[in-house]
1. Considering only the range 12-61, how many residues are of a type in the set (S, T, N, Q) and on the phi > 0 side of the Ramachandran plot?
2. Among the candidates 6, 42, 94, 66, which residue alone is in contact with a Gly (Cβ under 8 Å, 6 or more places away or on another chain) and of a type in the set (A, V, I, L, M)?
3. What are the pairs with Cβ atoms under 9 angstrom where one residue, in the range 42-56, is in contact (Cβ under 8 Å) with a residue 12 or more places away in the chain and closer than 13 Å to residue 32 by Cβ and the other, located anywhere, is crowded, with 17+ Cβ neighbours inside 10 Å and among the acidic types (Asp, Glu)? Sequence gap at least six, or different chains.
4. Of these, 34, 49, 66, which one is hydrophobic (A, V, I, L, M, F, W, C) and under 16 Å from residue 3 (Cβ atoms)?
5. Applying the selection to the range 57-103, what residues are charged (D, E, K, R) and either surrounded by 14 or more Cβ atoms within 10 Å (Cβ to Cβ) or in contact (Cβ under 8 Å) with a residue 40 or more places away in the chain (or both)?
6. Is it the case that some residue within the range 22-37 is in a loop (DSSP other than H, G, I, E, B), modelled with pLDDT of 95 or more and of a type outside the set (Ser, Thr, Tyr)?
Amino acid sequence: MESVLILKQGDSDIFEDTISNMDTLSGYDAKMYIKDAAGTEILTITGSISGMVVSYVLTREASKAIAVGKYDFEAKVFDESHHNQTPSKGKLIIEPVLENDPS
């Protein structure tokens, strides 16, 4: 599935991916890869699997380290035999913060 994820720089968020084209995720791992326009990987997030839902947590620290801009992402689930599925992909847009928290 193609998605657009939008996040303010320095914010945190959880992105969830529901897997519908497989019977089980038992024995699988999940990762989200974020790449810049040149195809250089800038961040990898390990997903947490619960049932058929994968959750990817983009922490405040990680989003602060990503420059404002548009990036490609691809979420993958895979097992130790290298059976891969790509349930979602799309664009991650990091927007500038208009006002910082004064604390």
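The values are calculated or read from the model by the stated rules, or taken from the named source; none is laboratory data. Just so it is clear, the model here is predicted, and its values are computed rather than measured. Cβ atoms come from the backbone with ideal geometry, glycine included; neighbour counts cover every protein chain shown.
1. Final tally of qualifying residues: 0.
2. Only one candidate passes the filter, namely 94.
3. 47/17; 54/17; 55/17; 56/17
4. Criteria check complete, one pass: 34.
5. 60, 64, 72, 74, 76, 79, 80, 89, 91, 95
6. Step one: list which residues in the range 22-37 are in a loop (DSSP other than H, G, I, E, B), which gives 22-27, 36-37.
The next check asks that each one be modelled with pLDDT of 95 or more; those that pass are 36.
Remaining after also requiring of a type outside the set (Ser, Thr, Tyr): 36.
Yes, some residue in the range 22-37 is in a loop (DSSP other than H, G, I, E, B), modelled with pLDDT of 95 or more and of a type outside the set (Ser, Thr, Tyr).
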